[in-house]
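*Asks:* Sharing a structure here in structure tokens format.
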Amino acid sequence: DTGVSQNPRHKITKRGQNVTFRCDPISEHNRLYWYRQTLGQGPEFLTYFQNEAQLEKSRLLSDRFSAERPKGSFSTLEIQRTEQGDSAMYLCASSRTSGQNQETQYFGPGTRLLVL
Amino acid sequence: GNSVTQMEGPVTLSEEAFLTINCTYTATGYPSLFWYVQYPGEGLQLLLKATKADDKGSNKGFEATYRKETTSFHLEKGSVQVSDSAVYFCALRRFGGNTPLVFGKGTRLSVIA
């Protein structure tokens with residue numbers, strides 16, 4: 001396993017701008033999750049996919065947020081019209097639903113967003 | 001709803017001291033329980049897990065036992081090292097498969113030589 005990768009690692013943007021983050025899961029992991037972590041808090045669930053289907057969205061995911069996983073491999077998370085309250089670490093995780101270590105979620109290093 | 005409460009930090013210990021980080025949960029059904037660790041500058045890593053009552057998860061000298069009667073999953077280590085300095089997160093996953101994790105707020109541990 002090469003691990004979950006996320007890009008960019010850091011993003012600074014001005015309020016009102018749109019940003020997009022990318023997550024590449026561990027190959028053959030069919031589930032992919034997005035979480036958000038603010039300073040001093042644990043990660044909070046945003047949304048997750050099984051293959052290309054988005055199965056659940058948290059109430060934290062406002063209309064300004066959209067996530068896709070078009071081919072069931074990498075995923076993108078877009079935030080439109082960013083607000084200062086969007087500043088956080090955005091974490092991606094992936095897991096498999098069968099085989100060894102199924103159900104264990106493996107996390108990427110995160111993308112740190114700062115909205116000025 | 002589902003929630004996890006863990007003891008607030010920071011926790012500062014001397015090397016070779018005994019560590020306990022308390023974690024209790026609220027959940028419907030029978031969740032799976034996890035401890036994740038975040039070392040400085042690194043991503044979250046699974047430390048150990050337990051999927052049913054009375055299971056004991058263990059790894060790298062850390063242990064935690066799934067206690068259904070007290071809805072707890074306390075993390076313990078008999079002798080901590082400086083390299084154990086990190087933030088520790090307790091988490092649960094709803095019963096029923098690969099559902100999202102619910103995390104506690106994390107406990108920062110600092111071990112001094």
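*Asks:* So what is the relative contact order of the stretch B:31-70, in percent, for Cα pairs below 8 Å that sit 6 or more residues apart?
*Replies:* Relative contact order of the stretch B:31-70: 31 percent.
*Asks:* Taking beta carbons within 10 Å but only from partner chains, what does the mean come to for residues A:36-46?
*Replies:* 5
*Asks:* Kindly give the semi-axes, whole Å and largest first, of the ellipsoid equivalent to the protein assembly as shown, taking each as the square root of 5 times a Cα gyration tensor eigenvalue.
*Replies:* Sorted largest first and rounded, they come to 29, 21, 16 Å.
*Asks:* Between the stretch A:67-88 and the stretch B:1-44, what is the separation of their alpha carbon centroids in Å?
*Replies:* Taking the Cα centre of the stretch B:1-44 as reference, the centre of the stretch A:67-88 is 28 Å away.
*Asks:* Cα-based Rg (one decimal) and Dmax (whole number) for the stretch B:1-40, in Å?
*Replies:* That works out to 13.2, 39 Å for Rg and Dmax.
*Asks:* The stretch B:1-78: which chymotrypsin sites (Phe, Trp or Tyr not before Pro) are DSSP loop and have at most 10 other beta-carbon atoms within 10 angstrom?
*Replies:* B:PHE18
Just so you know, all these numbers are worked out from the coordinates, no wet-lab data involved. If you're wondering where the values come from, they're calculated on a predicted model, not measured in any experiment. No Cβ is skipped: glycine too gets one built from the backbone with ideal geometry, and neighbour counts run over all protein chains shown.
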